[in-house]
Amino acid sequence: MEFNAPAGQNLFDRAKIVGKSTPRIDGPLKVTGTAPYAAERHGVAANQAYGWIVGSAIAKGRIRSMDLDAARRAPGVIAIVAATEHEPVGTSDYNYAPLFGGNEVSHYHQAIAVVVAETFEQARSAAGLIGTEYDRVDGSFDLASSKDGAPLASEGGSDFAKLGKFEEAFAAAPVKVDETYTTPDESHAMMEPFATIAAWDGPDLTLWTSNQMIHWGKQAMASILGMPEENVRVDSPFIGGGFGGKLFVRADAVMAALGAKAANRPVKIAMQRPLMFNNGTHRHATIQRLRIGAERDGRITAIAHQNWSGNITQKEGENGTLQTPKLYAGANRLIENRIAQLDLPEGNAMRAPGEAAGHLALEVAMDELAEKLAMDPVELRILNDASGTVPGDPDTKISDRHLVRCLREGAERFGWSKRNAVPGQQRDGRWLTGMGVAAGYRAGPTTKSAARVRMSADGHVTVETDMTDIGTGSYTIIAQTAAETMGLPLESVTVKLGDSSFPVSSGSGGQWGAASSTAGVYAACVNLRRMIGEKLNFDADAANFADGRATLDNQSWRIADAGELTADGEMNYGDFKDGYDVGTYAGHFAEVRVDAYTGETHVTRMLAVCDAGRILNPLSARSQVIGGMVMAAGATLMEDLHVDKRFGFFVNHDLAGYEVPVHADIPHQECIFLDTLDPVISPMKAKGVGELGICGPGAAVANAIYNAIGVRVREYPVTLDKYL
Ligand code: MOS
């Protein structure tokens, strides 16, 4: 659908509702426990039974036999779908290993059976009676020993693979850094597990589930089960965290659908926590080598970033190089990204896939270079700022970029001038203290997004779109957008999300959701305004909509007088952005104290100064950024999926063993948004921030630890056993 914005439309430059801090409209539902999550959709499917997934006990090999007799005879058991009696299913464009394995096992805890019973306890108990015998074979589980020989991948970053003559320029550089950093496998560790209630009605399948991308989920289920898309309905109005782990349907949805078919009953599966870490996806570990050469004045002349990661296929790994061409200039460059085939569980998107791990290496290497140059690390970054065009890509314009302002303003507000550049010199009683800085970049993508708006006879507007709210505030910014465009108070707008029977939105991923989904809602609202104008006979594009009325040339109309109306709209800003590189930028600062005797690290202050266009809702945007900062601090200090290299699984596969920060680990955090506008990205000139927040702060914490103690740890997480 073509959408033409009203000429001269500057609605959002004089916005009253968009851009204002607005508490989440779904907040009361969330804090009163009345927002129904997937496993709590009581009553959506009558006569619903319970499913329990059995995960493979080996990482690689074959299932020799499964003895199902005892389980089938167990109390309450209705049906068992087992790998030995079923073809493998569950590979689509959106995942790399079959979600239901068949006899061939491709990773640990891959689903090999589902037991359906009258009660949850009966399903769990019967699953324990299944006797499975395997022929286990050895696999590749160690990135470090598998990385050599991995072919060069063609994915992102390779456009800038070679520019100038890196080797010669690096050899000739008077000051250089050549260091290798490692980041571990990490888990999304979201609070709400994968969960689905599946129900068949003849050929129609409904999935009440927890999913970030409704349309992808619908497509994937149709292709996995070999059925037409129009027979699949996905409904996911509330999501208890995803972080990329719920971009794609997973085994809960597939096994619930298969279990429901076999049992001829609706089936609910809430995946048991110990299965989440090896059955779901994770952020893959990386090994990153950074070589940076500079003149004595700090100007970078050569920069190379090589990244190794792995995956169950060599299609896509964790590409840590993505931010490097976007942040720093330098005439001679080398970017390489290699992916080893490993037999660990599937690696896939986790919050800022690529950049989150990449900053942990690049931004520490920059700190190391600054020290060798005896130069302030803020000034080093500013001197080498890649503004204007992307290095190696002179035809692409950068739409709007204020990284230098982020760094300068951050340094000023953080009290950076008080930092002692000599590490290990600042002492406060038993604590060694230090400060660190990092730059942050994350792409600002947008994608096509559609919405429908309905006006009732009393002028109330209801928005319907399959956009999701993964805890990010989508409900609220969509309500703000519709209220602003229609000239209504927020209370006169109802937002309905997450249902595949609604128009297809951008969904929530890649921090594209905020800018894209609101653009689609804006398009639908502009179309509704035009329908109202036609009904009441005025030029809607020229009129001013406020207080439930439209006003033009001293005339005024009550919009509700147009009667019940429904308008669809869709925005695709992809074409408009052609020739532009759209990114979001941040300056990140952190202060830590390290116990001089025990080595315990506390983060004491964190600040992010963000450049992300117009901020649609500063309150919910701040929550996104500080959430990212918490996750980044976790990546630096504690997060680590420990690989058992003999048997090929993540050992610490529960929330007790996989450490994430708690409140006591995180100080008061500050987040400041620059008053920037990016005309290229959306009608609101807004960009997303959900992933920007995790790009950089982890390196700022690592640099602060070095500044405090004078020991550089290049193997994440930076735990005290590595620096004591
Ligand atoms: Mo994000 S990792 O695209 O949910």
Margin query: Which log10 I(q)/I(0) values does region 546-652 give at q = 0.12 Å⁻¹ under the Debye formula, counting every alpha carbon as one identical point scatterer?
Written below: -0.83
Next item on the list: Enter the Cα centre distance for the pair region 604-626 and region 68-142, rounded to the nearest angstrom.
Entry: 43 Å
Notebook entry, point to check: With the Cα gyration tensor of region 590-654 giving a ≥ b ≥ c as the square roots of its eigenvalues, does the rule (a/c under 1.5 for rounded; else a/b larger than b/c for prolate; else oblate) give rounded, prolate or oblate?
Noted result: oblate
Check: For ASP142, ASP67, ASP343, what ranking results if the residue with the fewest other Cβ atoms within 10 Å of its Cβ goes first?
Finding: ASP67, ASP142, ASP343
Checklist line | Cβ-based charge dipole, the chain, positive-most Cα from CYS525, GLY310, ALA443 | finding: ALA443
Checklist line | Amide H partners (placed H, <5 Å) of LYS165, local residues excluded | finding: ARG333
Next item on the list: Assign unit charges at the C-beta atoms only (+1 for Lys and Arg, -1 for Asp and Glu), then state the dipole size of region 638-724 relative to its Cα centre in Debye, rounded to the nearest 20.
Entry: 300 debye
Notebook entry, point to check: Taking only C-alpha pairs under 8 Å that are 6+ residues apart, what is the relative contact order of region 225-345 in percent?
Noted result: 19 percent
Checklist line | 15 Å beta-carbon shell around ALA329, net charge (K/R +1, D/E -1) | finding: -1
Check: What length, rounded to one decimal in nm, is gained on full extension from LYS448 through to ASP578, with 0.36 nm per residue of separation minus their alpha-carbon distance?
Finding: 45.4 nm
Item checked: Theoretical FRET efficiency, 1/(1+(r/R0)^6), r = Cβ-Cβ of ARG558 and VAL31, R0 25 Å, to 0.05 -> 0.10
Margin query: Once each part is reduced to its C-alpha centroid, what is the distance from region 167-191 to region 252-287 in angstrom?
Written below: 35 Å
Note to self: Give me the percent relative contact order of region 477-583, please, defined on Cα pairs under 8 angstrom at least 6 residues apart.
What the structure shows: 27 percent
Notebook entry, point to check: Between ARG64 and VAL662, what is the spin-label point distance in nm, taking each point 7 Å from the Cα along the Cα→C-beta axis?
Noted result: 4.4 nm
Notebook entry, point to check: Where does the chain land at 222 nm, in deg cm²/dmol rounded to the nearest 500, when only DSSP H runs of n ≥ 4 count, each adding -39500 (n - 2.57), divided by all residues?
Noted result: -7000 deg cm²/dmol
Checklist line | Derived scalar couplings ³J(HN,Hα) [region 541-549; Karplus, 6.51 cos²θ - 1.76 cosθ + 1.60; whole Hz; x for Gly, Pro] | finding: 5, 8, 7, 9, 9, 7, 6, x, 10
Margin query: Given points 7 Å out from each Cα along the Cα-Cβ axis, report the ALA46 to LYS418 separation in nanometres with one decimal.
Written below: 6.8 nm
Checklist line | Formal net charge of residues neighbouring ILE239 (Cβ-Cβ distance under 10 Å; K, R +1; D, E -1) | finding: -1
Next item on the list: Arrange the following residues from fewest to most other Cβ atoms within 10 Å of their Cβ: ASP13, ASP665.
Entry: ASP13, ASP665
Checklist line | Karplus-derived HN-Hα couplings along region 85-100 (A = 6.51, B = -1.76, C = 1.60, θ = phi - 60°), whole Hz, x at Gly and Pro | finding: 10, 8, 5, x, 9, x, 10, 9, 5, 10, 8, 9, 10, x, 6, 10
Notebook entry, point to check: Quick one: which of 375-383, 359-367 comes out on top by average Cβ neighbours within 10 Å, and what's the full order, highest first?
Noted result: 359-367, 375-383
Item checked: Highest average packing first - 479-492, 405-418, 275-288, Cβ atoms within 10 Å -> 275-288, 479-492, 405-418
Note to self: With only alpha-carbon atoms in the gyration tensor, what are the semi-axes of the equivalent ellipsoid for region 161-200, in Å, largest first?
What the structure shows: 49, 16, 6
Notebook entry, point to check: Can you give the extra length, in nm with one decimal, that the chain gains between ASP93 and LEU720 once fully stretched, where that is 0.36 nm per residue apart less the Cα-Cα distance?
Noted result: 221.6 nm
Item checked: Pairwise FRET efficiency - THR598 versus GLU295, Cβ, R0 = 51 Å, nearest 0.05 -> 0.75
Item checked: Prolate/oblate/rounded label for the chain (Cα gyration tensor, a/c 1.5) -> oblate
Note to self: If I stretch the segment between ALA171 and LEU490 completely, what's the gain in nm (0.36 nm per residue apart, minus their alpha carbon distance), one decimal?
What the structure shows: 108.7 nm
Note to self: Could you tell me the center-to-center distance, by alpha carbons, between region 387-449 and region 296-329 in angstrom?
What the structure shows: 17 Å
Item checked: Using a Förster distance of 51 Å, the FRET efficiency for LEU619-THR84 (Cβ separation, nearest 0.05) -> 0.45
Check: Across region 170-178, in residue order, what do the Karplus-derived ³J(HN,Hα) couplings come to in whole Hz, using 6.51 cos²θ - 1.76 cosθ + 1.60 with θ = phi - 60° and x for Gly and Pro?
Finding: 5, 4, 7, 5, x, 10, 8, 10, 9
Notebook entry, point to check: How much net charge surrounds TYR658 when only the other residues with a Cβ under 13 Å from the Cβ of TYR658 are counted, with Lys and Arg +1 and Asp and Glu -1?
Noted result: -4
Next item on the list: Run the numbers on the chain and let me know its relative contact order in percent, using alpha-carbon pairs under 8 Å that are six or more apart.
Entry: 17 percent
Check: What ranking of LEU68, LEU724, LEU616, LEU247 emerges when the number of other C-beta atoms within 10 Å of each C-beta is taken as an exposure proxy, fewest first?
Finding: LEU724, LEU68, LEU247, LEU616
Checklist line | Overall form of region 615-724 per C-alpha gyration tensor (a/c, 1.5; a/b vs b/c) | finding: prolate
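Every number in this text was worked out from the coordinates using simple rules, so none of it is lab data. The shown structure was predicted, so the numbers you read here are calculated from the model rather than taken from an experiment. We place every Cβ from the backbone using ideal geometry, glycine too, and count neighbours over all the protein chains shown.
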